[in-house]
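Report on the structure given below.
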């Protein structure tokens, strides 16, 4: 029973959850790469910030941007909205907190529309960032600007092995993998709804989607599935 993870992950992290499952093996393939886009830092005054990936956070700080979390300066203070727990963890590395954490971009857009229509937003992201925020927020006359601070490179690997299950972590990862590799009859595990939506464009296979959008939750889903003998 072989599982393919479509991004490099420390084997110890997988072993912690799946190491006791008899007959299970897994491999890793890198399907996307990232490159920081050099951007001259500019003032963030009176704008809220959106991050939808850990890579966006890294590129933001690499370019010399610095949020203002001083409540005593209301006209310069930056609220920070994030998608995903990994994005939040990356911000903590730079000693910044989050005003709102959401599981996916759709949930974040709905929260902003319901609670934050009078704010102005800078979204620091990759060049292939999902368009949900871009599509929904301007329709509500919410000031929103997408700022690409890193490039996502599709690596288009070719896989010769056959796997009973494949795990996907992003829509761009799906596109990269699927260009040269059929999914066959493999069971599919997906990090979240946007990745699942991309998978549904190319396969009718069963897709098991993480509701928490985390690696830990995906591993729990795999463990549950293997315990029933269905993988």
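The numbers here are math on the coordinates, done by the rules we state, and not lab data. Note that the structure is predicted; figures quoted are calculated from it, not measured. When we count neighbours, we look across all protein chains shown, and the Cβ atoms used for this are built from the backbone with ideal geometry, even at glycine.
Considering helices alone, the calculated mean residue ellipticity of the chain at 222 nm is -8500 deg cm²/dmol, with DSSP H runs of length four and up weighted by -39500 (n - 2.57) and normalised per residue. Placing a label point 7 Å from the Cα of residue 35 along the Cα-to-Cβ line, the residues of region 107-133 whose backbone N sits under 19 Å from it are 125-129. Computing FRET efficiency as 1/(1 + (r/R0)^6) for residue 180 and residue 68, where r is the C-beta to C-beta distance and R0 is 41 Å, gives about 0.35.
Tell me whether region 34-153 comes out rounded, prolate or oblate; compute the Cα gyration tensor, take square roots of the eigenvalues as a ≥ b ≥ c, and use a/c under 1.5 as the rounded threshold. Because its axes are fairly even, with a/c under 1.5, region 34-153 counts as rounded. Result for the chain in a Gaussian network model with C-alpha springs under 10 Å: among 198, 107, 135, the largest mean-square fluctuation is at 135. Beta bridges per DSSP, both residues in the chain: antiparallel share near 15 percent.
Seen against the Cα atoms of the chain and their longest principal axis, helix 105-115 is set at about 30 degrees. If I stretch the segment between residue 1 and residue 143 completely, what's the gain in nm (0.36 nm per residue apart, minus their alpha carbon distance), one decimal? Taking residue 1 through residue 143 to full extension adds about 46.2 nm, to one decimal.
To the nearest ten degrees, helix 215-227 and the longest principal axis of the Cα atoms of the chain are 20 degrees apart.
Between residue 159 and residue 9, what FRET efficiency follows from the Cβ-Cβ distance if R0 is 22 Å, with the result rounded to 0.05? That gives a FRET efficiency of 0.85. Put a dot 7 Å past the Cα of residue 216, heading toward its Cβ, do the same for residue 79, and the two dots end up 2.7 nm apart. Ranked for footprinting exposure by Cβ neighbours inside 10 Å, fewest first, 5, 51 give 5, 51. Computed from the C-beta positions of residue 113 and residue 207 and an R0 of 30 Å, the FRET efficiency is 0.60 to the nearest 0.05.
Region 131-151 and region 1-73 have Cα centres spaced 20 Å apart. Nearest 5 is fine: what % of DSSP beta bridges in region 34-153 come out antiparallel, could you say? Among the beta bridges of region 34-153, antiparallel pairing accounts for roughly 15 percent.
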